[in-house]
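Worksheet for the structure shown next.
Computed from the coordinates by the stated procedures, all read-outs in this text should not be read as laboratory data. The shown structure was predicted, so the numbers you read here are calculated from the model rather than taken from an experiment.
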């Protein structure tokens, strides 16, 4: 039991990073991490020996994220628009965030939640396709198309943002 | 060469380390021979690097001490409720709202109804009522555009232009003046060739910055809204999400430029 708890503790920084990338807002992200930890503790017995703690915890977190998205669809704060910096919500997660970093994380919030999760699992958290598909509970083919579409979407949003910036520069 | 045909799918697989090792050289040769695909691959790779950079700092942030306490099995007292928007922005909206309500002596900002919710709700209500009207949807028609915009700008106190949404397939029908929590608001109604209507709702309100989407649970119209520098705008319609987002983005860009925001 002690080992398990230590293993959970060791995963918290990664869980936080994933949550932050999913939700951007630091407090909302930490709330998601807290929910995840609480649920993990309740289900400590379900954790199969030999199962990677990371995969187990990310699966729990993913289910919680899906629940939240479902609930928030009503009054959705699933922000789908990335405008430029002046129009963006000013809630820098860290003081040292550069404009480029903020722009890309902002743009990420405009990518649909399914694609965002797939993109992050593989691109940031380094899960293999098989692992990520397992965590997200989808076939590998679906995962791949979500990653591909997610990357396209993100690139498109960033292109839009830079085009707008250029227009502004010209206007001045 | 035994090279199979590579596709864009392989770009992602390669990037994610899922391409079989024995295909790697072949694939690189294919990329080299397809500059467009190579450029794509580089862009995706750069985006991933950018994301990694942007998120790297999180790993080094000190952990909230409540996490360790939870894992040790301690009961951690209830934390504050999750706010489904930027907590900081929400706090600002609540603060401004409460003060504004107090000064005006009007308690129209009920607990939990922040300025952006209120504006989105009013915009949706206006859309629901007036977009259904055939003959009396607007007070002043698009044929009298200058008068319409001059009049609405004067009454709302914000510089109002009528966004040109022709590229999105929408033409201005006209507009009307509406009450918005005791203040005047302007509503511009647009229609496309398929008789779909959207409305652009503008009022001089909302000092905090916010943006978001507000949708009815039952599939009614949804609103995409912005609040910025004392200028609030909501675009309302029942279009598919992406299309509404496109229209809204275009409308906001023009409105903001017209009002000199940003």
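Note on the stretch B:8-60: Rg/Rh from C-alpha atoms, Kirkwood Rh, equals 1.09. The orientation-averaged projection of the convex hull spanning the C-alpha atoms of the stretch A:123-165 amounts to 3.2 square nanometres. Rg and Dmax, both from the Cα atoms of the stretch B:169-262 and both in Å, are 12.9, 37.
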